[in-house]
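**Q** Structure provided below as structure tokens; questions to follow.
The values are calculated or read from the model by the stated rules, or taken from the named source; none is laboratory data. Predicted model, so just to flag it, every value in this text is computed and none were measured. Glycine gets a Cβ as well: all are built from the backbone with ideal geometry, and neighbour counts include every protein chain shown. Please note that ligands, DNA and RNA were not included when accessible areas were found on the heavy atoms of the full protein model with its side chains. Shrake-Rupley method; radii C 1.70, N 1.55, O 1.52, S 1.80 Å.
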Amino acid sequence: MVKILHELAYLDGGGVARLLYDYYAHMDRARIRFDFMILDDGGEGILEKPLREMGCRIFRLPSLRKDPARRLRRMKEILLEGGYDAVHSHIADRSCILLSMAKRCGVRHRFAHSHIAREDCGRVKRAVNLVFLRRARSAATQLFACGEDAGLYMWGKRAMERGRVRIMRNAVSIDRFRYDPAARREAARELGLEGRHVVGIVGRLEHQKNHAFLLDVFAKLRDLDRDAVLLVIGGGSLADSLEEKARQTGILPQVRFLGVRSDVDRLLNVLDVFVLPSFYEGLPVVLVEAQANGLPAVASDAITREMAVTDLVRFLPCNTDPARWAQEIARILADGPGTARPRESYAGEIARAGYDIVKESRRMQRFYLSRLDEAEETGKGKR
């Protein structure tokens with residue numbers, strides 16, 4: 001069995017965590033095992049229990065801020081005791097810490113993964129990040145990216161041209177996210193949304209996702225469409241401040257903060273427009289999921305155009321007048337579902353574009369197993 005240790009920030013049900021869960025769920029778990037090293041020392045994430053049920057081990061590191069030396073010691077213990085064939089890090093430039101330690105501990109295969117195509121940072125921070133990225137490139141035996149732009153941004157044009165970067169698509173479960181009219185009616189009844197125009201976002205309540213701007217947009221939208229409701233799905237450190245902003249703006253009765261949910265696939269059915277005004281992203285999985293569901297989407301122009309897998313995505317500047325976003329959303333809501341092709345038809349388009357999790361997970365499984373076979377042939381693999 002090939003054993004892969006994945007490093008990521010948290011397992012709270014969205015983004016990279018959900019992507020890895022879906023990939024692993026479609027792999028042969030008699031031949032491959034994923035374990036997870038979590039950098040967030042907070043509470044248990046929503047995906048931890050199902051991953052353990054699939055045989056994964058989950059290690060939560062001590063706080064970096066409180067005790068950095070203890071965190072490094074624990075990281076080394078996990079590597080030495082785990083007998084890993086590979087480590088696969090998903091934390092951008094700081095991947096260099098785990099990759100360098102894994103190299104010293106004899107882990108032969110070390111993968112660094114880019115999930116962002118742009119960052120909201122100044123010159124000084126970017127310069128510091130580049131130093132760490134050079135160290136990550138040096139310690140890695142294989143570079144990954146979720147798309148072409150994410151590969152260029154993090155690993156550079158030369159690495160892309162030399163074939164050092166492998167694309168691992170942010171694929172989704174096509175059948176799970178296909179639009180379901182019955183699920184829409186059920187969710188609408190459950191949430192009291194019958195006859196309402198529903199706008200929504202799925203993402204961690206953190207600065208990157210720009211929720212505060214979205215609340216300003218919705219305040220303008222409410223003036224244009226009194227039937228509009230905003231669903232905010234996800235959790236994070238800004239939950240309280242965003243709820244307070246909604247209260248002060250006077251829109252709290254029309255905004256539903258639903259927290260972290262395990263049924264995002266079901267909730268997407270009840271939405272009429274998906275909104276993602278992020279300051280920066282890589283190739284966000286949730287926008288693929290929304291398109292598979294046939295949802296019109298209004299997204300920040302900070303998001304790579306690779307993300308427009310279908311004709312459903314409209315891009316707007318993330319720092320423009322909120323009224324402009326509100327007008328675009330109102331126009332989509334006014335057009336209604338009868339003017340476009342059926343929502344169910346978009347799932348097949350997403351699959352044909354290469355975002356079918358079943359096919360992509362098999363491709364990644366072949367990659368992992370080929371590296372193990374190579375290690376067995378040379379007799380140098382770490383067990």
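**Q** Treating only the Cβ of Lys, Arg, Asp and Glu as charged (+1, +1, -1, -1), what charge dipole size does the range 279-340 show about its Cα centre? Round to the nearest 20 debye.
**A** For the range 279-340, the charge dipole is close to 100 debye.
**Q** Let me ask another. Can you give me the angle between helix 211-224 and the longest principal axis of the chain, using Cα atoms only, in degrees from 0 to 90, rounded to the nearest 10?
**A** 20
**Q** Using a 1.4 Å probe on the protein heavy atoms only, what accessible surface does residue 77 show? Give it in Å² to the nearest 10.
**A** For residue 77, the solvent-accessible surface is approximately 80 Å².
**Q** Moving to a separate point now. Rounded to whole Å and sorted largest first, list the principal axis extents of the Cα atoms in the range 142-290.
**A** 54, 35, 26
**Q** Report the residues of the range 20-46 in range of a label on residue 63: point 7 Å along Cα→C-beta, backbone N strictly under 16 Å from it.
**A** 39-44
**Q** Could I ask something else about it? For the chain, which whole-number percentage of the solvent-accessible area (1.4 Å probe, protein heavy atoms only) is attributable to carbon and sulfur atoms?
**A** The value for the chain is 47 percent carbon and sulfur by accessible area.
**Q** About the Cα centre of the chain, how large is the charge dipole given +1 on each Lys and Arg Cβ and -1 on each Asp and Glu Cβ? Please answer in debye to the nearest 20.
**A** The calculated dipole for the chain is roughly 1780 debye.
**Q** Along Cα→Cβ, 7 Å out, is where each label goes; now give me the distance between the ones at residue 237 and residue 359 in nm to one decimal.
**A** 4.0
**Q** Starting from the Cα-Cα distance between residue 207 and residue 189, subtract it from 0.36 nm times their residue separation and give me the gain in nm to one decimal.
**A** The span from residue 207 to residue 189 would gain 3.3 nm if fully extended.
**Q** For a quick check: with amide H placed at 1.01 Å from N, whose amide H comes under 5 Å from residue 6's, ignoring anything fewer than 5 positions away on the same chain?
**A** Here 35, 36, 37, 88 satisfy the definition.
**Q** Right, another one. Kirkwood Rh, the range 292-352, all Cα pairs: how many Å?
**A** That comes to 12.6 Å for the range 292-352.
**Q** A further question on this structure: Determine the sum of side-chain charges near residue 56: Lys and Arg each +1, Asp and Glu each -1, restricted to other residues whose C-beta is under 12 angstrom from that of residue 56.
**A** With Lys, Arg at +1 and Asp, Glu at -1, the net is +3.
**Q** Let me ask you something else. With r defined as the distance between the Cβ atoms of residue 327 and residue 80 and R0 fixed at 51 Å, what FRET efficiency is calculated, to the nearest 0.05?
**A** About 0.30, to the nearest 0.05.
**Q** Can you quote the Å³ per residue value for the convex hull of the Cα atoms in the chain, rounded to an integer?
**A** Roughly 142 Å³ of hull volume per residue.
**Q** A further question follows. Set Lys and Arg Cβ to +1 and Asp and Glu Cβ to -1, take the dipole of the chain about its Cα centre, and tell me which of 188, 163, 147 lies farthest positive.
**A** Farthest along the dipole direction, towards plus: 163.
**Q** So if I take the centroid of the Cα atoms in the range 44-92 and the same for the range 267-322, what is the distance between those two points in Å?
**A** Comparing the Cα centres of the range 44-92 and the range 267-322, I get a distance of 32 Å.
**Q** Considering the options 229, 219, 117, tell which one lies farthest towards the positive end of the dipole of the chain, charges being +1 on Lys and Arg and -1 on Asp and Glu at the Cβ, about the Cα centre.
**A** Farthest along the dipole direction, towards plus: 117.
**Q** Now for a different question. Compute the acute angle (0 to 90°) between the alpha-carbon long axis of helix 95-104 and the principal axis of greatest extent of the alpha-carbon atoms of the chain; round to the nearest 10°.
**A** Between the helix axis and the principal axis of the chain, the angle is about 20 degrees.
**Q** Compute the separation of the alpha-carbon centres of the range 123-155 and the range 16-42 and state it in Å as a whole number.
**A** 22
**Q** As an exercise, take the mean of 1/r over every pair of distinct alpha carbons in the range 76-137, invert it, and state the Kirkwood radius in angstroms.
**A** Here the Kirkwood hydrodynamic radius works out to 12.4 Å.
**Q** What are the ³J(HN,Hα) couplings of the range 282-290, residue after residue, when phi is run through the Karplus curve with 6.51, -1.76, 1.60 and θ = phi - 60°? Round to Hz, x for glycine and proline.
**A** Once θ is set to phi - 60°, the couplings for the range 282-290 become x, 10, x, 4, 5, 6, 5, 4, 4 Hz.
**Q** What is the set of long-range amide H partners of residue 300 at a cut-off below 5 Å, with H atoms built 1.01 Å from backbone N?
**A** 276, 278, 316
**Q** Residue 49: which aspartates and glutamates have alpha carbons under 20 Å from its alpha carbon, excluding same-chain residues fewer than 8 sequence positions away?
**A** The qualifying aspartates and glutamates are 7, 12, 22, 28, 35, 40, 41, 263, 265.
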